[in-house]
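J.: Dumping the structure here so I can ask a few things about it.
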Ligand code: KDG
Ligand code: MG
């Protein structure tokens, strides 16, 4: 078989998604996710203008060769736009291969290692009371691990904190706002460092010692500030502290690691194994936070995780709502197959999104499972997608109290 068509599908059921659909000449289709939050049209153009024409007539079974051809052939290596585009091709080809074999993709990745993927949900609140309500809502939905984010006294809207959830209400948080210009939020690291340990103290005394708790620093600390936070959170036994330092500086984690035993996770903004070289070989982290969508696909993420396994480092793939159900399905197939799976981030997509992307994955008793449908197990509904036009949306910019764009 060869590739007959490669279509780039942009839709916006509540938020923007970029999807690649590859069709072979005997009609088998595969889907790939190339969504790059806030920069979606750049990934769509890269695919439509520079990748799709190269795919027509290629053998769809040669996944590794297609990956190397697109990565090395571009000459300009890495970068989020390039890697999201290559990721979409890679996912779609794996989807086709598994559908052709009549198997769920995880079977081709080595078969099951576990019953399901432990998932963590996001709880947040502008105050401790609102946070507790959100945690209770997540526990009622079956989550067995919770990410905790709160507002900081003296600051307004804080990145990573949703509008307060009412009892029984869906947690609905999309950090990109649908407007022509990014929102600007203020940030004060000293106030944050003082406040966060008091929040974890309150959460531990309310919910006890067993519940795995996670926290995301969103790259906002210097190495020493991150070391201070890691130390101050040690009494609360975090599952992980995520993105405590800027993504570009791998050496920053040396300082943090040498000062605290709080487990560390990083990588949602990384786009290749090279971003992890120091972190993995020096064992400066405990969890890999990459997404298939932003790391070039299933092929390189599997290699990255096998490399990480040698150093006792586990997966914690990035799974917010800007990873489409196609990307999330790929995480789950990898997750059940990998031996060194750690945890999977799970923010349920909106009903509108799930009307466009029909998924076979399930969430039961805190575990996500990819299901048994052949391939990735996701169908794309063109008619539903057509109702949702692309709408510009941007992630917010942080400014310090004196008005400077935040350093890190
Ligand atoms: O697109 C950016 C979001 O996906 C990101 O802010 C979410 O940090 C995030 C997380 O850990 O899910
Ligand atoms: Mg994060």
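The values are calculated or read from the model by the stated rules, or taken from the named source; none is laboratory data. These numbers were taken from a predicted model, which means no experiment stands behind them. Positions of Cβ are generated from backbone atoms using ideal geometry, with glycine treated the same way; all protein chains shown enter the neighbour counts.
J.: When residue 115 is evaluated against the numbered criteria (1) at pLDDT below 95; (2) surrounded by fewer than 19 Cβ atoms within 10 Å (Cβ to Cβ); (3) touching a strand residue (DSSP E or B) at 6+ places or on another chain (Cβ under 7 Å), which criterion, by number, is the only one it fails?
T.: All conditions are met except number (1).
J.: Same structure again: Out of all the residues in region 162-184, which are within 16 Å of ligand 2 (Cβ to nearest atom) and modelled with pLDDT under 90?
T.: Filtering region 162-184 down to residues within 16 Å of ligand 2 (Cβ to nearest atom) leaves 162, 171, 173-176.
Passing the criteria: 162, 171, 173, 174, 175.
J.: Now for a different question. May I ask you to verify whether residue 188 is touching a strand residue (DSSP E or B) at 6+ places or on another chain (Cβ under 9 Å), under 23 Å from residue 401 (Cα atoms) and surrounded by fewer than 21 Cβ atoms within 10 Å (Cβ to Cβ)? Give the steps one after another, and end with the answer.
T.: Working: touching a strand residue (DSSP E or B) at 6+ places or on another chain (Cβ under 9 Å): yes; under 23 Å from residue 401 (Cα atoms): yes; surrounded by fewer than 21 Cβ atoms within 10 Å (Cβ to Cβ): yes.
It is true that residue 188 is touching a strand residue (DSSP E or B) at 6+ places or on another chain (Cβ under 9 Å), under 23 Å from residue 401 (Cα atoms) and surrounded by fewer than 21 Cβ atoms within 10 Å (Cβ to Cβ).
J.: I'm checking my understanding of the structure. Among residues of region 201-247 that are away from ligand 1 (no atom under 16 Å from the Cβ) and in a loop (DSSP other than H, G, I, E, B), which one is farthest from residue 313 (Cα to Cα)?
T.: Looking at the filtered set, the residue picked out is 208.
J.: Can you tell me which residue in region 248-271 is nearest to ligand 2 (Cβ to nearest atom), limited to those that are surrounded by 23 or more Cβ atoms within 10 Å (Cβ to Cβ) and part of a loop (DSSP other than H, G, I, E, B)?
T.: The qualifying residue nearest to ligand 2 (Cβ to nearest atom) is 268.
J.: Among 288, 292, 326, which is the only one that is free of Cβ contacts under 8 Å to residues at least 60 places away in the same chain, buried (at least 23 other Cβ atoms within 10 Å of the Cβ) and within 16 Å of ligand 1 (Cβ to nearest atom)?
T.: Every option except 288 fails the conditions.
J.: Right, another one. All but one of (1) more than 25 Å from the chain's Cα centre (by Cα); (2) modelled with pLDDT under 90 hold for residue 157; state the number of the condition that does not hold.
T.: With respect to (1) more than 25 Å from the chain's Cα centre (by Cα); (2) modelled with pLDDT under 90, residue 157 is out only on (1).
J.: Filter the helices (runs of 4 or more DSSP H) completely within region 1-103 down to those with at least 3 residues that are closer than 24 Å to residue 359 by Cα.
T.: Working: elements: 40-45, 52-55, 63-73, 80-101.
Qualifying helices (runs of 4 or more DSSP H): 40-45, 80-101.
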